[in-house]
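*Asks:* After the C-alpha coordinates below, expect a handful of questions from me.
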Amino acid sequence: MRKIFSVGYEDLKTLIFYQDGKNIFKLVVAKDDPPIVIEKDITRAEAFRLMNTRP
(Lines give C-alpha, C1' and ligand atoms only; values in the text may rest on other atoms or scores of the structure.)
Protein backbone atom coordinates (compact mmCIF):
# COMPACT_ATOMS: atom_id res chain seq x y z
CA MET A 1 0.00 0.00 0.00
CA ARG A 2 1.47 3.38 -0.98
CA LYS A 3 0.48 6.89 -0.02
CA ILE A 4 -0.86 8.84 -3.01
CA PHE A 5 -2.29 11.89 -1.22
CA SER A 6 -1.71 13.81 2.00
CA VAL A 7 -3.04 17.12 3.27
CA GLY A 8 -2.99 18.66 6.74
CA TYR A 9 -5.35 21.08 8.45
CA GLU A 10 -3.86 22.39 11.73
CA ASP A 11 -3.66 19.21 13.86
CA LEU A 12 -5.75 17.06 11.50
CA LYS A 13 -4.19 15.10 8.63
CA THR A 14 -5.95 13.35 5.74
CA LEU A 15 -4.15 10.67 3.74
CA ILE A 16 -5.20 8.36 0.92
CA PHE A 17 -3.42 5.07 0.30
CA TYR A 18 -3.68 2.88 -2.79
CA GLN A 19 -2.91 -0.81 -3.29
CA ASP A 20 -2.28 -1.70 -6.96
CA GLY A 21 -2.92 -5.44 -6.93
CA LYS A 22 -6.37 -5.27 -5.39
CA ASN A 23 -7.29 -1.76 -6.64
CA ILE A 24 -8.10 -0.70 -3.07
CA PHE A 25 -8.24 2.91 -1.88
CA LYS A 26 -8.08 3.62 1.85
CA LEU A 27 -8.82 6.96 3.52
CA VAL A 28 -6.98 7.67 6.78
CA VAL A 29 -7.79 10.64 8.99
CA ALA A 30 -5.38 11.24 11.88
CA LYS A 31 -5.48 13.75 14.73
CA ASP A 32 -2.67 14.43 17.20
CA ASP A 33 -4.37 15.68 20.35
CA PRO A 34 -6.11 13.55 21.49
CA PRO A 35 -4.59 10.85 19.26
CA ILE A 36 -7.21 9.49 16.87
CA VAL A 37 -6.80 7.46 13.70
CA ILE A 38 -9.80 6.59 11.52
CA GLU A 39 -9.47 4.29 8.49
CA LYS A 40 -12.12 3.71 5.85
CA ASP A 41 -12.19 1.87 2.52
CA ILE A 42 -13.33 4.23 -0.23
CA THR A 43 -14.08 3.90 -3.93
CA ARG A 44 -11.83 5.22 -6.68
CA ALA A 45 -14.35 8.00 -7.41
CA GLU A 46 -14.40 9.09 -3.74
CA ALA A 47 -10.58 9.09 -3.63
CA PHE A 48 -10.26 11.31 -6.69
CA ARG A 49 -13.03 13.62 -5.48
CA LEU A 50 -11.14 14.14 -2.19
CA MET A 51 -7.79 14.64 -3.94
CA ASN A 52 -9.26 17.26 -6.29
CA THR A 53 -11.08 19.19 -3.56
CA ARG A 54 -9.08 22.10 -2.21
CA PRO A 55 -9.74 23.63 1.23
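The values are calculated or read from the model by the stated rules, or taken from the named source; none is laboratory data. Everything quoted here is computed from the prediction, not taken from an experiment. Cβ sites come from the backbone with ideal geometry, for glycine too, and all protein chains shown count toward neighbours. Keep in mind that these areas ignore ligands, DNA and RNA; they rest on the heavy atoms of the full protein, side chains included. Shrake-Rupley method; radii C 1.70, N 1.55, O 1.52, S 1.80 Å.
*Asks:* I'd like the full set of residues that are over 17 Å from Met1 (Cα atoms) and loosely packed, with under 10 Cβ neighbours inside 10 Å, limited to region 12-36.
*Replies:* Asp33, Pro34, Pro35
*Asks:* Where the second residue is open to solvent by 50 Å² or more (accessible area, probe 1.4 Å) and assigned to a loop (DSSP other than H, G, I, E, B) and the first is in contact (Cβ under 8 Å) with a residue 40 or more places away in the chain and lies in region 9-36, which pairs have Cβ atoms under 7 Å and are six or more apart or on separate chains?
*Replies:* Partner pairs satisfying both residue conditions: Tyr9/Pro55.
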